[in-house]
Amino acid sequence: MSLSLSLIYFYFSPLPLPVLTIAVAIVIGVILHAGNHLACDFPRLINESDDTYDHYLKDDFGSHKPNYINLVRGIEGVTGILMVICMTIAFTLATRWFRWSLIKLPKPLDRLTGFNAFWYSHHLFVVVYILLIIHGMYLYMVHIWYLKM
């Protein structure tokens, strides 16, 4: 086992290896997907020439070229950010420190530790799946509904 995988396993131990593998795959997928949009797609769209924008992209994004904030504030951006927040909460509460109540928080926040917090935080994945469907329904540049999913 490599050093980085050993550190990840220690951080989430004693999660079964298949669960840990799925969690790491989700994190890597989110980083690649969001990074592609935020660092590649959005800047390319914003910096596109007016002629190219009018010819190819005007029907999808409107007559005015969007800026970076408009793209992030769209339904796709908001649902993507909310999915990342929900998954971060679930993954954080899955760590051994929270799951085994190794962290002692002040009285109102002490309910954020322990197995029950871990268990109920994983119900956020229902919200994530709903957001994922909404996120996919508003794809740019795909106009036939059954090609969106």
Per DSSP, the loop-located trypsin sites (Lys or Arg not before Pro) within segment 53-149 having at most 16 other beta carbons within 10 Å are Lys104, Lys148
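Beyond 18 Å, what percent of the Cα pairs of the chain remain? The partial results should precede the final answer.
Working: 7425 of 11026 pairs.
Percent of Cα pairs beyond 18 Å in the chain: 67.
Could you pull out the longest piece of the chain with no exposed loop chymotrypsin sites (Phe, Trp or Tyr not before Pro) in it, calling a site exposed if DSSP puts it outside H, G, I, E, B and it has at most 16 other Cβ atoms within 10 Å?
Values: sites that count: Trp100, Tyr138, Tyr140.
Within the chain, the longest run free of exposed chymotrypsin sites (Phe, Trp or Tyr not before Pro) spans 1-99.
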If the chain between Ser49 and His122 were fully stretched, how many nm would it gain, using 0.36 nm times the residue separation less the Cα-Cα distance?
-> 21.8 nm
Neighbourhood charge, 15 Å Cβ-Cβ cut-off, centred on Leu112 and excluding it, Lys, Arg +1 and Asp, Glu -1 = +4
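What value, in deg cm²/dmol to 500, does the helix sum -39500 (n - 2.57) over DSSP H runs of n ≥ 4 give at 222 nm once divided by the residues of the chain? Could the numbers behind the result be given before it?
On the way: 9 runs with 89 residues, N = 149.
So the helix-based figure for the chain works out to -17500 deg cm²/dmol.
Using a 1.4 Å probe on the protein chains only, how many percent of the accessible area of the chain belongs to carbon and sulfur? Please list the in-between numbers first.
Details: 7410 of 10520 Å².
Summing carbon and sulfur atoms, their accessible area is 70 percent of the total for the chain.
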What is the helix-to-structure angle for 75-93, meaning the angle in degrees between its Cα long axis and the longest Cα principal axis of the chain, kept from 0 to 90 and rounded to the nearest 10?
-> 10
So for the pair Leu57, Val19, with labels modelled 7 Å out along Cα→Cβ, what separation do we get in nm?
-> 4.3
Let me know the charge dipole size of segment 29-148 about its Cα centre in debye, to the nearest 20, where only the beta-carbon of Lys, Arg (+1) and Asp, Glu (-1) is charged.
-> 960
Please work out how much accessible surface Ser101 shows to a 1.4 Å probe, ignoring ligands, DNA and RNA, in Å² rounded to 10.
-> 40
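The values are calculated or read from the model by the stated rules, or taken from the named source; none is laboratory data. Nothing here was measured: the structure is a model prediction, and the numbers come from that model. Using ideal geometry, Cβ is built from the backbone for each residue, glycine included, and neighbour counts are taken over all protein chains shown. Keep in mind that these areas ignore ligands, DNA and RNA; they rest on the heavy atoms of the full protein, side chains included. Shrake-Rupley method; radii C 1.70, N 1.55, O 1.52, S 1.80 Å.
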